[in-house]
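Asks: The structure under discussion is supplied below as structure tokens; questions concerning it will follow.
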Amino acid sequence: MEKNDYWTLRKLRLIADYQFLPGAGKVLFPEGVDVSFSSKTGRFKEIRLGGELIASFRSNDGTFALSIKGAELLLRNFQKPRLRAVIEKGVAGIVAEGRNVFAKHVKEADPEIRPGDEVIVVDEEDMLVAVGRAVLSGEEMTAFSKGVAIKTRIGNPFFKNN
């Protein structure tokens with residue numbers, strides 16, 4: 001990390017607290033994270049912890065795109081249903097391969113989710129399946145029976161569908 005470590009870490013944490021929940025910044029970005037910066041704009045690019053990617057910064061909207069590791073950190077620290085969409089076990093394997101989540105397969109979702117939010121997709125046992133962007137609000141995901149609810153950005157390659 002460079003560019004005045006204290007202020008960089010503070011900015012990262014404030015953005016994460018705003019985007020996810022208060023306290024998410026400290027969970028995602030503890031002391032010792034490595035931050036890479038864009039050589040053109042000077043903005044954050046990637047945040048890593050112990051060499052593993054935690055999140056990438058999207059400069060077009062000023063938010064973070066979580067990696068699987070970043071999603072795991074949030075899952076461990078925030079209770080269900082916060083930040084999550086729970087999907088049927090039968091489609092979890094397909095979603096873990098990177099397919100989108102349809103509304104008819106969403107069993108439960110955080111009512112605070114808004115379209116465009118980063119969403120952690122889990123199965124009924126709260127196992128991480130994927131990470132993506134919400135197309136519908138949390139309430140719409142459970143109310144609708146047609147259409148894409150979440151555009152999956154990255155599936156969990158370690159997900160085992162039992």
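Coordinate-derived values only; no laboratory data. This is a predicted model, so every value here is computed, not measured. When we count neighbours, we look across all protein chains shown, and the Cβ atoms used for this are built from the backbone with ideal geometry, even at glycine.
Asks: Which of L21, L128, L28, L14 has the fewest other C-beta atoms within 10 Å, and how do the rest follow up to the most?
Replies: L14, L21, L128, L28
Asks: Roughly speaking, what is the stretch gain from E97 to S39, that is 0.36 nm per residue apart minus the C-alpha to C-alpha distance, in nm to one decimal?
Replies: In short, 17.6 nm is gained.
Asks: For Rg/Rh (Cα atoms, Kirkwood Rh), the listed values are (1) 1.07; (2) 0.96; (3) 0.99; which was obtained by calculation from the structure presented?
Replies: Recomputing Rg/Rh (Cα atoms, Kirkwood Rh) here gives the entry labelled (3).
Asks: A further question on this structure: Rg and Dmax of segment 80-155, using alpha carbons, in Å: what are they?
Replies: 10.2, 26
Asks: Holding the Cα-Cα limit at 21 Å, pick out from K89/K160; K11/K80; K45/K160; K80/K107 the pairs that are longer than that.
Replies: With Cα atoms farther than 21 Å apart: K11/K80; K45/K160.
Asks: Using the Cα centre of the chain as the reference point, and only Cβ charges (+1 on K/R, -1 on D/E), how large is the resulting charge dipole? Debye, rounded to the nearest 20.
Replies: 400
Asks: What is the local net charge at E52, summed over the other residues whose Cβ is closer than 13 Å to its Cβ (Lys, Arg +1; Asp, Glu -1)?
Replies: So the surrounding residues net to -1.
Asks: A follow-up question, please. Please order S137, S56, S39 by the number of other Cβ within 10 Å, starting at the fewest.
Replies: S39, S56, S137
Asks: Mind sorting I113, I150 by how few other Cβ atoms lie within 10 Å of their own Cβ, fewest first?
Replies: The order, fewest Cβ neighbours first, is I113, I150.
Asks: Suppose R0 equals 30 Å. What FRET efficiency, 1/(1 + (r/R0)^6) with r the Cβ-Cβ distance, do S145 and S59 give to the nearest 0.05?
Replies: 0.25
Asks: Still on this structure: Can you give the relative contact order of segment 5-74 as a percent, counting alpha carbon pairs under 8 Å and 6+ residues apart?
Replies: That works out to 22 percent.
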